Amino acid sequence: MENFKKLLDEAKKCVRCGICNSVCPTYNVLRKESVGPRGRVALIRERATTGDGAGFGKEFAIDLKACTLCGSCLGSCPRDVDVPKLILGARTAVVESEGLSVGAGLVFKNFLAPGKLAGLALKTASRLKRLLLKSSVGENGLLRRFSLPIIGKGRLVPNLADIFFLDRPEVKKLARVEAKEGRPRIGFFAGCGINYLMPEVGVATIKAVTDLGADLIIPSKQVCCGMPALSAGDRKTAKELAIKNLNAFEDEDLDYITTSCATCSNALKSVFLELLGDDPEHQERVQRFTSKVRDVTELLANELSYKDKGDKKEGLVTWHDPCHLSRYQGVREEPRELILKSGYAFKGMKNPCKCCGLGGGLVFSDYELSIEVTKKKAQNILSTKASIVATACPGCIVQLRDALHRYTPKDELIPKVVHVLELL
Amino acid sequence: MSLPPPIKKKLGRIFEPKSISFSKEDLLCYSYDATGESHLPDVVVFPTTAEEISLTLKLANESGFPVIPRGGGSGFTGGTLPVSGGVVISTQRMTSISIDQENLVADVGSGLLTGDLQDEVEELGLFYPPDPTSVKFSTIGGNIAENAGGPRAVKYGTTRDYVLGLEVVLPNGDIVRTGVKTAKGVVGYDLTRLLVGSEGTLGIITKAFLRLIPKPKEKALMYAVFGDLASAADVVSTIIREKITPSTLEFIDGASIRCAEEYVSTGIKSGAEAVLLIETDGTLKSVEDSTALIKKICQENKVLEFRVAKDKKEIKDLWKLRKNLSPALYKIKPTKINEDIVVPRSMLTSLVTGVQEIAEARGVLIVSFGHAGDGNIHVNVMIDKDDPDEAKRGAEAVSDVFDLTLSLGGTISGEHGVGVTKAPYLSRELSSSLLSVMRGIKDVLDPKGILNPGKIFLSPSNKEN
Ligand SMILES: Cc1cc2nc3c(=O)[nH]c(=O)nc-3n(C[C@H](O)[C@H](O)[C@H](O)COP(=O)(O)OP(=O)(O)OC[C@H]3O[C@@H](n4cnc5c(N)ncnc54)[C@H](O)[C@@H]3O)c2cc1C
Ligand code: SF4
Ligand code: SF4
């Protein structure tokens, strides 16, 4: 109850004009007030005012979960009501009063100790995957379809990497790097997406950064950024993870800290600050840490001044703005600049900032809704006729691959989805 | 009143499980609109066919419960508030759309968002002009029920001017088609016009046949800043007198500008007491000519700054500023009493200065903006309703504004409708014989008073005002 009360002032700012509903991806699919920002704020406000007297049932938690935390509503609200923050706050309040669902709890706790439980569990899963997944005819053979209806029939899921990024010998070597005169020292935060699913993006990052005359240091004790836990309302775990990450990067004398996952860079930049900024024990450390964080697209375009090499490459590229990069961090120009300098032809899509549908845990809580959200995005991509979609977030990559596989007409080529670094 | 279980069960037989909800969460989400009031319904249903609505209305007549149509819930006068409980019919899932390019007619479901219709027709080089600033989150049904207008009304008229015919479920459950699908038609009474603006009290619109026109090729957006209200008003009168018909002619006062500036930076000069946002459209030549002429008129009337928006971004920012104005005003005071009065265009200066006199006399802040081109001004009395004295002075100021409006030959609502918030003032504008004709019409169509009771007319029994 107390946790809900904290949300009341923010919720009361809403004047129920409804502007935000028009930009909400889940509202636009279901056209139901309770899955739009205005309804969500009304529900939270009622709960904060009347407590358990609101008479809400299980629908309340379901409505709260059906949000991708894309932040579009905040951008449209003339009253600056921070709806995503309210939703996160409400999810936390629910977890604190009712506990995390058992399954989700296990997952987040396990991420606390990578290389141990999570690693083990995932390694077993890596072996089991052949039983669960049907091969797909999809692009570059990397992808497989889930055959289990509970997870979403016909769903394309990414393969777990055979050797996780952080376990690779060439990556382990970078845990400690001697300081060298004239070479900026850049800490790399891999994040779960790159570690478990897309080591190739990590490898591309190493190459891009070192090619530009900087050294990349990859501290071995880093853990998950905590966003999945926080999105599910597990603030406590998110905090513990943030502290572990501070510790992991503390000892290195770093000029910058970067990551190739937009969700992680946002977490490292602002969520850490939000979680630990008021904590006297960590305040100073977290400020120092966050001030060094740059998304890899910013780092390459600005600090490391990536230059056009003048070579021309085959293929038309379009760009998808991850919510966590464009809306949450305001980074829009840098990735486009990188594409233009990469030698590929570029064509922008309609509504590039529209959410891919995966975020906020929606892909887990309601896969059907999540992939329906992506439909419009897929159509916008397909109408550019681009052969490659670049973005900067492993989550978006997973979702866009799934959606394009599903929605590309049979007689057309399925566009390839890559991290923008892979174009350089 | 709460619905007895047997009735809920009967409703459950009309709708598929996913199209009906009794959950407290959904009831709360369908208890409000943009007025800030909230009244819980007993049930929310999401029909996809006129038949489902028809069965619901028949049951309502048998069992005597209220039925309230609801579109996007963006109404400003409480038209969709379930003031005495009952069944909210949400049209949000009735979003069909088909466009007849040969006859320039769109056949759309009433729950379609107006903005979605506009996007769709504009891709075909066509145009559906009515543009309430809520286009992106209000529905065609809601627009018709309120006869919504917008900035373009000065040249293109309001929703009314584009409705050729309707498919409507009457309060007794009959499904009828009014009007025509042709460009003309005079057979029988014009029930289409009667239904337009009827605020969901005479029937539930399920489909609309809308007139489209070719999309103008070019347009230009200008903005002109003035140091005093009177000069801006003079510009408006001169533009009209000179027979230039801009496609929009919006007025924003200084207080509103300062408020909206906070989140869209437009670089509008400080010292601005009035801003006009003027758009012209048509062929390249006509746009150029009227832009030059408007510029000249502004210069002759002490304009502080005059600019033609140079690119899409500037156009977008200016419109965003205008569109966000209404909610942004809450930055000034927690409560906004928003009235959308209209006066004959020639009376604009008298209105604007009169309103400021009322504000001073009553000691409240009043900010104004709106569609100056057609004399429709949104007058916002800003108060803190928790301060009883200020609330009282606010109410008095509103009453004065209405008196002023009527004395200038105007009307107390140009587009937001009467709903619940303006019902107490209806008899000031309408004579008692007109009111009784209106009540008579309501009685003929809805003798049991089950459809959207408590709206327009004061009491649920519809016998007062
Ligand atoms: C920020 C903001 C700006 C606005 N700007 C404008 C403006 O510029 N011009 C303007 O005119 N209005 C404006 N409005 C008011 C509002 O958007 C309009 O009145 C709009 O037409 C309401 O449409 P809706 O779909 O939201 O209807 P609702 O609010 O859901 O309902 C409005 C009324 O219509 C009835 N109704 C809805 N659907 C049907 C149906 N299918 N059949 C019968 N009755 C029905 C309801 O019962 C109710 O009486 C604005 C509102 C906001 C919040
Ligand atoms: S835009 Fe803001 S004020 Fe308007 S309904 Fe949404 S959250 Fe509320
Ligand atoms: S964060 Fe995105 S999905 Fe969630 S309410 Fe806002 S717009 Fe909708």
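The values are calculated or read from the model by the stated rules, or taken from the named source; none is laboratory data. If you're wondering where the values come from, they're calculated on a predicted model, not measured in any experiment. Ideal geometry is used to build each Cβ from the backbone, glycine not excepted, and the neighbour counts take in all protein chains shown. Surface areas here come from the heavy atoms of the whole protein model, side chains and all, with no ligands, DNA or RNA. Shrake-Rupley method; radii C 1.70, N 1.55, O 1.52, S 1.80 Å.
Test B:ALA391 against the criterion of being over 26 Å from B:ALA148 (Cα atoms) and either in contact (Cβ under 8 Å) with a residue 40 or more places away in the chain or not charged (D, E, K, R) (or both), and give yes or no.
yes
Residue-wise test of (1) modelled with pLDDT under 90; (2) within 30 Å of B:ILE332 (Cα to Cα); (3) within 14 Å of chain B (Cβ to nearest Cβ); (4) open to solvent by 30 Å² or more (accessible area, probe 1.4 Å).
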residue	(1), (2), (3), (4)
A:PHE4	yes, yes, no, no
A:ILE19	no, yes, yes, no
A:GLU33	no, yes, yes, no
A:GLY36	no, yes, yes, no
A:ASP52	yes, no, yes, yes
A:SER72	no, yes, yes, no
A:PHE108	yes, no, no, no
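Here is a yes/no grid of residues against (1) touching a strand residue (DSSP E or B) at 6+ places or on another chain (Cβ under 6 Å); (2) open to solvent by 30 Å² or more (accessible area, probe 1.4 Å); (3) not assigned by TED's automatic domain parsing to the domain that holds A:GLU337:
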position: A:THR374; (1), (2), (3): no, no, no
position: A:ALA378; (1), (2), (3): no, no, no
position: A:ILE381; (1), (2), (3): yes, no, no
position: A:THR384; (1), (2), (3): yes, no, no
position: A:THR391; (1), (2), (3): no, no, no
position: A:ARG406; (1), (2), (3): no, yes, no
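Can you confirm whether B:THR56 is of a type in the set (S, T, N, Q), in contact with a helix residue (DSSP H, G or I) (Cβ under 7 Å, 6 or more places away or on another chain) and assigned by TED's automatic domain parsing to the domain that holds B:ASP190?
no
Can you confirm whether the stretch B:208-224 contains a residue that is in a strand (DSSP E or B), buried (at least 21 other Cβ atoms within 10 Å of the Cβ), out of contact with any Pro (no Cβ under 8 Å at 6 or more places or on another chain) and not aliphatic (A, V, I, L, M)?
Yes, because at least one residue in the stretch B:208-224 is in a strand (DSSP E or B), buried (at least 21 other Cβ atoms within 10 Å of the Cβ), out of contact with any Pro (no Cβ under 8 Å at 6 or more places or on another chain) and not aliphatic (A, V, I, L, M).
Go through (1) outside any loop (DSSP other than H, G, I, E, B); (2) in the same structural domain as B:ILE366 (by TED's automatic domain parsing); (3) open to solvent by less than 20 Å² (accessible area, probe 1.4 Å) for B:ALA272 and report which single condition fails.
So B:ALA272 meets the others, but not (1).
Specify the residue that is nearest to ligand 1 (Cβ to nearest atom); the eligible residues are those in the stretch B:54-87 that are open to solvent by 40 Å² or more (accessible area, probe 1.4 Å) and either within 14 Å of another protein chain (Cβ to nearest Cβ) or not aliphatic (A, V, I, L, M) (or both).
Applying the filter and picking the extreme gives B:PHE76.
Among A:LYS129, A:LYS134, which is assigned to a strand (DSSP E or B), at pLDDT below 95 and either away from ligand 2 (no atom under 16 Å from the Cβ) or under 27 Å from A:LEU197 (Cα atoms) (or both)?
A:LYS134
Only one of B:SER431, B:SER413 is under 21 Å from the mean Cα position of the chain (by Cα) and open to solvent by 20 Å² or more (accessible area, probe 1.4 Å); which?
B:SER413
Give the residue, chosen from B:ASN103, B:ASN147, that is touching a residue at least 24 places away in the same chain (Cβ under 8 Å), closer than 23 Å to B:PHE76 by Cβ and away from chain A (no Cβ under 13 Å).
Residue meeting the stated conditions: B:ASN147.
Among the residues of the stretch B:150-160, is any part of a loop (DSSP other than H, G, I, E, B), within 14 Å of chain A (Cβ to nearest Cβ) and either surrounded by fewer than 19 Cβ atoms within 10 Å (Cβ to Cβ) or at negative phi (or both)?
no
Residues checked against (1) at pLDDT below 95; (2) in a helix (DSSP H, G or I); (3) surrounded by fewer than 17 Cβ atoms within 10 Å (Cβ to Cβ):
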{"residue": "A:ILE163", "(1), (2), (3)": "yes, no, yes"}
{"residue": "A:ILE186", "(1), (2), (3)": "no, no, no"}
{"residue": "A:THR205", "(1), (2), (3)": "no, yes, no"}
{"residue": "A:GLY213", "(1), (2), (3)": "yes, no, yes"}
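Please give the number of the condition A:ALA48 fails out of (1) more than 10 Å from every other protein chain (Cβ to nearest Cβ); (2) within 16 Å of ligand 2 (Cβ to nearest atom); (3) surrounded by fewer than 18 Cβ atoms within 10 Å (Cβ to Cβ).
That leaves (3) as the condition not met.
Condition test on B:MET347, is it under 27 Å from B:VAL154 (Cβ atoms), among the aliphatic types (A, V, I, L, M), within 14 Å of chain A (Cβ to nearest Cβ) and in contact with a Leu (Cβ under 8 Å, 6 or more places away or on another chain)?
Against the criterion (under 27 Å from B:VAL154 (Cβ atoms), among the aliphatic types (A, V, I, L, M), within 14 Å of chain A (Cβ to nearest Cβ) and in contact with a Leu (Cβ under 8 Å, 6 or more places away or on another chain)), B:MET347 does not qualify.
Please enumerate the residues belonging to the stretch B:170-192 that are open to solvent by 70 Å² or more (accessible area, probe 1.4 Å) and not acidic (Asp, Glu).
B:ASN172, B:ILE175, B:ARG177, B:LYS181, B:THR182, B:ALA183, B:LYS184, B:VAL186, B:VAL187, B:TYR189, B:LEU191
Name the residues in the stretch B:19-30 that are under 16 Å from A:ARG31 (Cα atoms), facing chain A (nearest Cβ under 10 Å) and not hydrophobic (A, V, I, L, M, F, W, C), would you?
B:SER21, B:GLU25, B:ASP26, B:TYR30 - these are the residues of the stretch B:19-30 that are under 16 Å from A:ARG31 (Cα atoms), facing chain A (nearest Cβ under 10 Å) and not hydrophobic (A, V, I, L, M, F, W, C).
Scan the stretch B:106-144 residue by residue and report those that are of a type in the set (A, V, I, L, M) and either more than 10 Å from chain A (Cβ to nearest Cβ) or touching a residue at least 40 places away in the same chain (Cβ under 8 Å) (or both).
B:ALA106, B:VAL108, B:LEU112, B:LEU113, B:LEU117, B:VAL121, B:LEU124, B:LEU126, B:ILE140, B:ILE144
Considering (1) over 16 Å from A:GLY39 (Cα atoms); (2) over 24 Å from the mean Cα position of the chain (by Cα), say which one B:LYS24 fails and leave the rest.
(1)
A:GLU98 passes all but one of (1) within 12 Å of ligand 2 (Cβ to nearest atom); (2) more than 23 Å from the chain's Cα centre (by Cα); which number fails?
Answer for A:GLU98: the failing condition is (1).
Of B:SER38, B:SER90, which residue is open to solvent by less than 10 Å² (accessible area, probe 1.4 Å), at negative phi and within 11 Å of another protein chain (Cβ to nearest Cβ)?
The match here is B:SER90.
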